[in-house]
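I'd like to ask some things about the structure below.
The values are calculated or read from the model by the stated rules, or taken from the named source; none is laboratory data. Please read all numbers here as calculations on a predicted model, not as lab measurements. All Cβ positions, glycine included, derive from the backbone under ideal geometry; neighbour counts span all protein chains shown. Note: accessible area is taken over every heavy atom of the protein model, side chains too, but ligands, DNA and RNA are not part of it. Shrake-Rupley method; radii C 1.70, N 1.55, O 1.52, S 1.80 Å.
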Amino acid sequence: MSAHDAFCTLPDSLVALILSKMPIKDAVKSCVLSKRWRFLYTQMPQLTFDPYEMFFGTSLNPLFMSRVENIISNILLLHSRNLEGFHLHNNNTRVNFNRENVCKWVGYASRCNVQHLTLYDHTTFPSALIEIPPTALFSCSRLITLYLAKYDLTNFPIDFVGFPHLLTCHLRYVQLTDGSLVSFISLCPRLQKLEIRGDSGLGNAVIFSSTLEHLSMERVKSLSVNCPNLRTVAGEWIEDLSVNGVRLYELSYAIFHLEMDSGGTLRTLDLNCSPAMNFGGIPGIVSASRVLQIVGNFHSLKKLDIHLRYPWVFKREAGMNVPLLDLFHRLPNLHTLSMLGYFLQEAARDPIPDCLASPHVNLKKICVEIVEFDEKEVAVISCLLQSTPSLEALEIKVPDEWDESESESEYDYEGEYEGQCLKLFKDIMYLRRASSLARIIVLDKCSK
């Protein structure tokens with residue numbers, strides 16, 4: 001049997017599933033293949049509409065959008081099966097879907113028992129008008145995933161009983177209040193993943209859920225999380241964070257990611273500390289000493305990743321409140337340590353001994369970034385190598401300071417930079433190591 005014949009023997013439901021993976025315009029074009037294919041696209045379990053992808057290269061003016069909306073309406077009206085997913089995207093900042101049509105489409109999707117719903121705007125900035133969501137949205141009782149952007153969720157209909165099956169919810173530039181967020185979460189009894197991005201209007205957010213496992217938020221003054229099954233927390237621009245009773249302060253300009261085990265114990269902490277686009281002195285920004293104070297409270301921590309950028313912001317700080325050496329005493333279970341950016345420089349302010357008073361027997365992998373090529377950085381690396389008898393790998397990252405160019409001045413700088421790298425690598429390779437298995441890996445394009 002030929003491949004063509006084998007494809008034709010597939011049941012209609014499977015062919016419709018294959019069509020749903022294709023761009024909608026190509027799926028609809030399949031109706032001209034034969035009588036059998038004429039209405040197969042009306043059985044697709046997933047419908048995704050993006051005007052920009054549907055008619056790539058065409059100017060999306062209001063008249064053209066009216067034509068696109070008619071096409072979407074006709075496809076939905078012809079649909080003959082239950083909808084697993086209805087996804088509506090907009091990638092153009094100048095054109096929006098007609099509100100009445102969106103309400104009509106969501107209403108039809110609700111009657112077709114939609115399980116995955118997307119009303120998403122991928123434009124960079126929110127529009128001036130934040131609309132009230134279609135009433136039919138709150139009747140989609142079978143929803144499993146919801147992606148929503150640029151709508152007002154500060155109030156809910158009186159007859160809204162919640163989304164009993166919702167597992168994943170992504171909200172982008174959705175207007176909320178502290179009270180409406182609490183109400184929304186309480187009306188989603190099976191919610192496992194919640195993401196709130198953009199300026200949502202939240203001030204002091206409180207999240208309590210017995211089922212939530214993954215949380216991602218940003219631009220909140222205060223966030224209190226009480227979720228016994230929580231596995232990951234990620235966010236940025238959050239001043240005061242409390243996770244299951246543990247408080248972390250001064251995270252206003254830090255991008256952070258926390259991972260916990262099934263018992264709620266913190267296992268991984270990833271901090272990317274930077275003042276965003278503001279290069280001036282910012283009060284309350286996470287400093288190296290504050291980072292050490294934060295992580296020093298988690299004795300069970302196994303993986304710590306810290307990325308500290310733009311050191312000139314911290315010049316007002318006279319010294320470290322918690323020295324680097326104290327970090328290892330406070331984190332005896334640490335298996336992986338990553339110090340990127342200028343954190344190694346910040347941590348090397350205090351005198352560094354040849355080795356720790358007591359060896360760190362659990363540390364197996366260390367990743368550091370060299371930025372100044374000075375003796376202090378080498379001293380810290382030497383201390384780590386002589387204090388970690390179980391170390392398996394030391395990764396050294398050197399920033400890419402030059403770009404390939406034909407100009408003579410840049411060519412000379414390139415040679416100087418390579419000379420610094422080679423001298424540094426030679427010094428490090430001759431350092432003593434407490435572990436005979438420790439491998440030194442240099443992550444740099446000039447090291448061959």
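Test Glu375 against the stated conditions and say whether it is closer than 17 Å to Tyr342 by Cβ, buried (at least 17 other Cβ atoms within 10 Å of the Cβ) and either out of contact with any strand residue (DSSP E or B) (no Cβ under 6 Å at 6 or more places or on another chain) or at pLDDT 80 or above (or both). I'd like the intermediate steps shown before the answer.
On the way: closer than 17 Å to Tyr342 by Cβ: yes; buried (at least 17 other Cβ atoms within 10 Å of the Cβ): no; either out of contact with any strand residue (DSSP E or B) (no Cβ under 6 Å at 6 or more places or on another chain) or at pLDDT 80 or above (or both): yes.
So Glu375 fails the test.
Considering only residues that are of a type in the set (A, V, I, L, M) and open to solvent by 40 Å² or more (accessible area, probe 1.4 Å), look in the range 138-194 and name the one that is farthest from Val106 (Cα to Cα).
Going residue by residue through the range 138-194, those that are of a type in the set (A, V, I, L, M) are 143-144, 146, 148-149, 153, 158, 161, 166-167, 171, 174, 176, 181-182, 185, 187, 191, 194.
Within this subset, residues satisfying the condition of being open to solvent by 40 Å² or more (accessible area, probe 1.4 Å) are 144, 158, 161, 167, 182, 187.
Working: Ile144: 15, Ile158: 19, Val161: 18, Leu167: 19, Val182: 25, Leu187: 20 Å.
Out of the qualifying residues, it is Val182.
Which members of the range 419-448 meet the condition of being at pLDDT below 80, surrounded by fewer than 16 Cβ atoms within 10 Å (Cβ to Cβ) and part of a strand (DSSP E or B)?
Leu443
For the range 228-276, which positions are at pLDDT below 80, open to solvent by 60 Å² or more (accessible area, probe 1.4 Å), in a loop (DSSP other than H, G, I, E, B) and not acidic (Asp, Glu)?
If the condition is that a residue be at pLDDT below 80, open to solvent by 60 Å² or more (accessible area, probe 1.4 Å), in a loop (DSSP other than H, G, I, E, B) and not acidic (Asp, Glu), then Gly245, Tyr253, Ser262, Gly263 are the ones that fit.
Consider only pairs whose beta carbons are under 6 Å apart and that are at least six residues apart or on different chains; among these, list those whose first residue lies in the range 333-361 and is polar (S, T, N, Q) and whose second residue is part of a strand (DSSP E or B).
Close Cβ pairs satisfying both conditions: Thr336/Lys303; Thr336/Lys365; Ser338/Asp305; Ser338/Cys367.
Here is a follow-up. Considering only residues that are assigned to a loop (DSSP other than H, G, I, E, B) and surrounded by fewer than 16 Cβ atoms within 10 Å (Cβ to Cβ), look in the range 199-210 and name the one that is nearest to the chain's Cα centre (by Cα). Walk me through it before giving the result.
Residues of the range 199-210 that are assigned to a loop (DSSP other than H, G, I, E, B), as a first pass: 199-203, 209-210.
Next, only the ones that are surrounded by fewer than 16 Cβ atoms within 10 Å (Cβ to Cβ) stay: 199, 203, 210.
Values: Asp199: 16, Gly203: 21, Ser210: 23 Å.
Filtering the range 199-210 for residues that are assigned to a loop (DSSP other than H, G, I, E, B) and surrounded by fewer than 16 Cβ atoms within 10 Å (Cβ to Cβ), the one nearest to the chain's Cα centre (by Cα) comes out as Asp199.
Can you name the condition, by its number, that Ile132 falls short on among (1) in contact with an Asp or Glu (Cβ under 6 Å, 6 or more places away or on another chain); (2) among the hydrophobic types (A, V, I, L, M, F, W, C); (3) open to solvent by less than 10 Å² (accessible area, probe 1.4 Å)?
(3)
Let me ask another. Can you confirm whether the range 211-223 contains a residue that is assigned to a loop (DSSP other than H, G, I, E, B), surrounded by fewer than 20 Cβ atoms within 10 Å (Cβ to Cβ) and not aromatic (Phe, Trp, Tyr)? Explain how you work it out, then say what you get.
Initial filter on the range 211-223 (assigned to a loop (DSSP other than H, G, I, E, B)): 211-213.
With the extra rule that they be surrounded by fewer than 20 Cβ atoms within 10 Å (Cβ to Cβ), the set shrinks to 211, 213.
Pick out the ones that are also not aromatic (Phe, Trp, Tyr) and you get 211, 213.
Taking every residue of the range 211-223 in turn, at least one turns out to be assigned to a loop (DSSP other than H, G, I, E, B), surrounded by fewer than 20 Cβ atoms within 10 Å (Cβ to Cβ) and not aromatic (Phe, Trp, Tyr).
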